[in-house]
Every structure is written in structure tokens, then in C-alpha cells.
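What follows is a single structure, and I will ask about it in a moment.
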Amino acid sequence: MARTRKLTVSTDVHGHTAGWAETEQAPPATSTPDPTAAAFFDVDNTMMQGASIYWFARGLAARKYFTTGDLARFAWQQARFRLLATEHAGDMSQAKEAALAFIEGWRVQDVERLAEEIFDELMAPRIWVGSRKLAQRHLDAGERVWLVSAAPVEIGRVIAARLGLTGAIGTVAEVVDGAYTGRLVGDLMHGPAKAEAVTQLAAVEGLDLTRCAAYSDSANDLPMLSTVGRAVAINPDTDLLRQARERGWEVRDFRTGRRAAKIALPSTAAAGLIAGAVTAGLALHRRRRTH
């Protein structure tokens, strides 16, 4: 039997009936919202350089919430997730088990507070200026703009609020008595799940998907990109770049020099993630020894 997913359009991001949630901020007062048009932006490497969940972990490490070993284990889990998501999109069970285990026992309000602090410190400087301008063009035209990310919806909500966007669609972590259990509710907001979420949101919000746009860096988001009337490849990986050229989609690359030449492959992305985590862990270890 096909699985169904219930859309929750609410400011209550801790619903327990869906594998994802959408949260909305008030539209800019100076714009006249277009009730049928919207834009959907992937976050990692599309709106932001790198992975939002990784920068969140780096921020926690700087606050000594993690030991060096914790951060290294987290990096390994995230690397495994990226590899599984890219190479074995049909079998995500192992990735799901590892995805949010690091926040088990944390209070939701603490994660939201820390996400705001860490966005300002580590994520804001890594927002692609070009992507931010593209989102602003939609807002200026009176269109709504949502982020769509595999990251926890709480992190997506913070990023959307800080950027003045409409809201965020993201993965829902299970919450019991105000604390995370380390498990997911439903599936990760990844691949076909993004397309399904966008389609359901369009039905609820009265959007005409043929008038909507979607932006992503990854071929994993081809289902979402194919759902809307206008697809744009941002800083595309090799597979997405090929698909964009074949389908006549617009391509925007905000990387420069070496960064643009290094179109991400799963192995290099994972290696970079681990190297960054180890570097951060060693730096944290050195700080502890000097205090």
C-alpha cells in the first residue's frame, strides 16, 4: 500500500502526524502577494555554502556541547547520510537512523535558541549573495518564498526568518515532553519527498505550480525541480548540470575559481565534511588544553 503524508500548514512545527512540516512567516508588508506564484529554494549549497546541519554542529562544538569525539562521530554520520542519499536513494533506513541521533535528549527551545545564535555567527556569512538576490526578486514581485531542506524544520525556520522569507519545509524530529528523542517522524525531507511536500503545499496554499520556480544544486532534487514551471540549477553538481543542459533549464553558478571547478561528487563532499569536522574538533581540543 502506498504511504500517504499529511500536510501540516501551521506555526506548530512539532506535529506528530507527518514526516515534515511547513512553517510560515508574515509576508513583507511592502509587497502584494501573488496568490498563485511562489519559489522554493533548497538550502545546502544552494542558498548557503555547505550544509546547514554541519554548521549547526560546528557552532555547538564551539560552545563545548560536543567533545572532539562527538563531532567526529557526527561528521561520519552525516558523511554516511550524504553517500546513502546519493548512491542508494531507494534505501534510506540507515541514513534515517543516523540523521538526528546527535540531538537526542535536547530541549526544543534550546535548539531553536542555539540555531538563531549559530546562524548569525556561522551561517549568515555563508549565504550566497546571488541566491539571496534571486529570492528577494520573488519577494519584491509579491511572491512567497519557501526553503525546502532535509535539515530539521526548526533550523529551516530560523534561516527563513533571518532572511525574511515566507517559511520553511523540513524534516520533523520526534519530540516527547518538549525534548527530542533522536528519531524522525516519517521520512527525511529528501528527493521525491520534497516534490510531494511542494505539491501538497501548493494545494493548500492555492498555488499554480506552473507559475512557481524551484532552485537546487543537486540532482537529488530533480523531482522537485521537475514539479514546477521554472527550474533553476544553482551551483550544480555534475549530474544536475547535465540534466539542466538537456532540459534547457537556467544555470547559475555563484562559485568562483577553484570552487567552481570542483563540482561536488559524493566522495569529495563526504571527505570534505569529515576533514572540516576533524579540524574543528582539533581546534576545540586545543582550546580546552589552553584554558
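For the pair V176 and S226, how long in nm is the line joining their label points, each one 7 Å along Cα→Cβ?
Distance between the two pseudo-spin positions: 3.9 nm.
If the chain between Q136 and R211 were fully stretched, how many nm would it gain, using 0.36 nm times the residue separation less the Cα-Cα distance?
Working: separation 75, 0.36 × 75 = 27.00 nm, distance 1.68 nm.
Once the chain is fully extended between Q136 and R211, it gains 25.3 nm.
Related question: Report the calculated FRET efficiency for K64 and E250 (r = Cβ-Cβ distance, R0 = 41 Å), to the nearest 0.05. Mind showing how you got there, number by number?
Details: r = 44 Å, r/R0 = 1.07.
That gives a FRET efficiency of 0.40.
Starting from the Cα of V204, step 7 Å along the direction of its Cβ; do the same at A161; then give the gap between the two resulting points in nm.
1.8 nm
Given R₀ = 45 Å, what would the calculated FRET efficiency be for D34 paired with E104, taking r from the Cβ atoms and rounding to 0.05? Walk me through the numbers on the way to the answer.
Working: r = 42 Å, r/R0 = 0.93.
The computed FRET efficiency comes out at 0.60.
If amide hydrogens are placed 1.01 Å from N in the peptide plane, which non-local residues have theirs closer than 5 Å to the one on R252?
For R252, the qualifying residues are A233, I234, N235.
Could I ask something else about it? Work out from phi, with θ = phi - 60° and the Karplus expression 6.51 cos²θ - 1.76 cosθ + 1.60, the ³J(HN,Hα) of each residue of the stretch 35-47, listed in order in whole Hz, and give x for Gly and Pro.
Each residue's phi maps through the Karplus curve to give x, 10, 10, 7, 10, 10, 10, 4, 9, 5, 6, 10, 8 Hz.
Which number comes out as Rg/Rh for the stretch 105-184 once both Rg and the Kirkwood Rh are worked out on C-alpha atoms?
Numbers: Rg = 13.9 Å, Rh = 13.5 Å.
Rounded to two decimals, Rg over Rh is 1.03.
All of the numbers you see were taken from the coordinates with simple rules; none came from a lab. Since this is a predicted model, take the numbers as computed values, not measurements. Neighbour counts are summed over all protein chains in view; Cβ atoms, including those assigned to glycine, are modelled from backbone coordinates with ideal geometry.
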